[in-house]
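**Q** The structure's right below; bear with me while I get my questions together.
Derivation of every value follows stated rules applied to the coordinates shown; laboratory data play no part. Keep in mind that this is a model prediction, so the values were computed, not measured. Glycine also receives a Cβ, built like all others from the backbone with ideal geometry; neighbour counts cover every protein chain displayed.
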């Protein structure tokens, strides 16, 4: 008997899903978790995102943040931390209103 079920074998992998809290994003999250991935849920809809996170096994969640990815990428090519203006522009791009730490 053959099975038509596909398994991707994602144990030990971290997968970032944007738009993760509803619709196709949520379906992707649930499938990735089923296949063993640790999932970073990225979405602007905090309420539905938290509800999804609460419904998933805690071991399947990863708290990787967009800024972490930027910092890791920066560290591969440069010394030190990313410049404050780059971080500010990054947060602005993400729609996160944050005060400029150097403005005070």
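**Q** Sorted by mean Cβ packing within 10 Å, highest first, what order do the peptides 51-58, 62-69 take?
**A** My ranking of the peptides, most packed first, is 62-69, 51-58.
**Q** Moving on. Please report 91, 78 as a ranked list, fewest other C-beta atoms within 10 angstrom at the top and most at the bottom.
**A** Lowest to highest Cβ neighbour count: 78, 91.
**Q** Which order do the peptides 9-20, 28-39 take when ranked by the mean count of other beta-carbon atoms within 10 Å per residue, highest first?
**A** Packing proxy ranking, top to bottom: 28-39, 9-20.
**Q** If you rank 79, 26 by fewest surrounding Cβ atoms within 10 Å, what's the result?
**A** In order of increasing Cβ crowding within 10 Å: 79, 26.
**Q** Test of understanding: ordering 76, 71 by Cβ neighbours within 10 Å, fewest first, what list do you get? Could you put the intermediate results ahead of the total?
**A** Details: 76 6, 71 14.
Going from sparsest to densest Cβ surroundings: 76, 71.
**Q** Taking the Cβ-Cβ separation of residue 89 and residue 16 as r and a Förster radius of 25 Å, what is the calculated FRET efficiency to the nearest 0.05?
**A** 0.80
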